[in-house]
Amino acid sequence: MTHSKRAAPTPGFILFWLDAAFLILGWRLVVVTAGAAAPVGLGGLAFPAFVLLFLYALGLHRRDALVGTTRMLGRLPLAAGFGSLAGWAAVSLWPPPFGAHEGAHLLFAAAVPILAAAGLASRLAFFLLRRLGAFRRHLLVIGAGRRAWDLVWILRHEARTLAFDVTFLHAPAMGELDPRLAADPAHRIVTDAADVLALAHALAPDQIVVAPDERRGLAMEGLLACRMAGYPVSGYAQFLEREAGRIDLKRLDLGWLLYADGFTVGTASRVAKRALDIAVSATLLAFMAPTLLLAALVVRLGDGGPALYSQERLTRGNRRFRMLKLRTMSLDAESGGAVWAAERDPRVTPAGRLLRRTRLDELPQLVNVLRGDMSFVGPRPERPEFTERLAERLPLYRERHLVRSGLTGWAQVNYPYGASLDDARSKLSYDLYYVKNFGIWLDLRIILQTMRVVFWPGGVR
């Protein structure tokens, strides 16, 4: 008899649909509150839809928002305000029966507080479910050595799932037992189970993760029996890729990368991505043109130097191009050669500090996107001299150039700005995940989440 188990939805996914349900209920209250003075067309559903979109864009379904709920509550009014404003614009501009030209301002006035309260209510429901243990998952980890310790540490700090009950199955043939795991009474380590399938039946794990230090000690027949019985079995790298959204470079398995899915980009995906690049970049460039001209004027008046600055960078296929930026450093900033930017870098001008903080210095790169030098989403382009150094020290660093470099990227929305070897290693783990899982849906998610990075830079220098 098999015990088929499906992958449990992540807490962020559950909260997203809780938000959708509570926002629809809240919208009904908005309609009642606004009354007959504000006729509502079918397009009125744009209000809760846009608020849900902004909740996601501002990072309110991410792990840090789920574990630090009270710290993130200040973003709820912003999401409700931005979403309601977008909904008001939609119903004001759309023709009947979708629009509600008269009284749209009443809908907006009622929607902001009510939909913000709906977002709060869904989070209270989520918190209650979490207190009841609804999001705990049970893991059976094969091995209890250093690799298993790394697994537990990453899950504790980065996993999309918030809580795990972990049982370790270890045998001497799998390598030495990690003393950090043995010292923690919360970790259950089984060393006398000869039948892996019987242990799986007893524990009923949601996932079996194979993570021994020494693979020659694995009981493959037992794991295969578990797989045939319906228990999901994953390798260390595969499981962490799903849970952490990155590829662990510390214990990189080239054999897994060789046989795993991904790293393929079809013609249809490339065409769709290029169409998205042109549409988003052209729209933003037209919308932000006045701001860009004003920022350029501020730079020019600051020290009399040129407003624009171009720098050689690498993109797909290691092709060199000149990346455009608004100048944020003094004219002699690199008289001694290329160096990484530092925190509170004295070379940055006062105007440049503001431009970096708001990301306005990046706007000229929209021209690079339209030219085809860059994509809107992709690994950030690096300077050739830095690429050579990093490629010597970091495995697979050149593989990030399998796709066009981007204005924003998976590393940018998941890791704060950094300019050191350790930072480059961490960002590479996200870049490789992006290259491996390249797709238009991932690009759309990154574009939405870039709004959170603009509002809360989290370490921009």
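A few points about this structure:
- Top-ranked residue in segment 184-217 [being in a loop (DSSP other than H, G, I, E, B) and either more than 34 Å from the chain's Cα centre (by Cα) or among the polar types (S, T, N, Q) (or both); ranked as surrounded by the fewest Cβ atoms within 10 Å (Cβ to Cβ)]: ASP192
- Pair list, Cβ < 8 Å and 6+ apart or interchain, from segment 292-316 residues that are in the same structural domain as ARG327 (by TED's automatic domain parsing) to residues that are of a type in the set (A, V, I, L, M, F, W, C) and exposed (fewer than 13 other Cβ atoms within 10 Å of the Cβ): ALA307/LEU297
- Cross-chain or 6+ apart pairs with Cβ under 6 Å, segment 253-271 first and basic (Lys, Arg), then part of a loop (DSSP other than H, G, I, E, B): none
- Top-ranked residue of segment 297-331 - restricted to ones that are touching a helix residue (DSSP H, G or I) at 6+ places or on another chain (Cβ under 7 Å) and part of a helix (DSSP H, G or I), ranked as surrounded by the most Cβ atoms within 10 Å (Cβ to Cβ): VAL299
- Residue that is nearest to the chain's Cα centre (by Cα) [pool: residues in segment 113-135 that are crowded, with 21+ Cβ neighbours inside 10 Å and over 17 Å from ALA65 (Cα atoms)]: LEU115
- Selected residue (only one of ARG156, ARG130 is touching a strand residue (DSSP E or B) at 6+ places or on another chain (Cβ under 9 Å), outside any strand (DSSP E or B) and free of Cβ contacts under 8 Å to residues at least 12 places away in the same chain): ARG156
- Of the candidates ARG404, ARG383, ARG371, the single residue that is surrounded by fewer than 16 Cβ atoms within 10 Å (Cβ to Cβ), touching a strand residue (DSSP E or B) at 6+ places or on another chain (Cβ under 9 Å) and of a type in the set (D, E, K, R) is ARG371.
- Applying the criterion of being crowded, with 17+ Cβ neighbours inside 10 Å and not in a helix (DSSP H, G or I) to the residues of segment 418-445, the residue that is modelled with the highest pLDDT is PHE438.
- Hits in segment 61-84 (condition: in contact (Cβ under 8 Å) with a residue 24 or more places away in the chain and either closer than 16 Å to VAL112 by Cβ or basic (Lys, Arg) (or both)): ARG62, ARG63, LEU73, LEU76, PRO77, LEU78, ALA79, ALA80, GLY81, PHE82, GLY83, SER84
- Considering residues of segment 387-417 that are closer than 23 Å to ARG62 by Cα and not in a helix (DSSP H, G or I) only, the residue modelled with the lowest pLDDT: TYR417
- Condition broken by LEU448, with the remaining ones in (1) crowded, with 17+ Cβ neighbours inside 10 Å; (2) more than 22 Å from ALA296 (Cα to Cα) satisfied: (1)
The values are calculated or read from the model by the stated rules, or taken from the named source; none is laboratory data. Worth saying up front: this structure is predicted, and the values here are computed from it rather than measured. With ideal geometry, Cβ positions are generated from the backbone for all residues, glycine too; neighbour counts draw on all protein chains shown.
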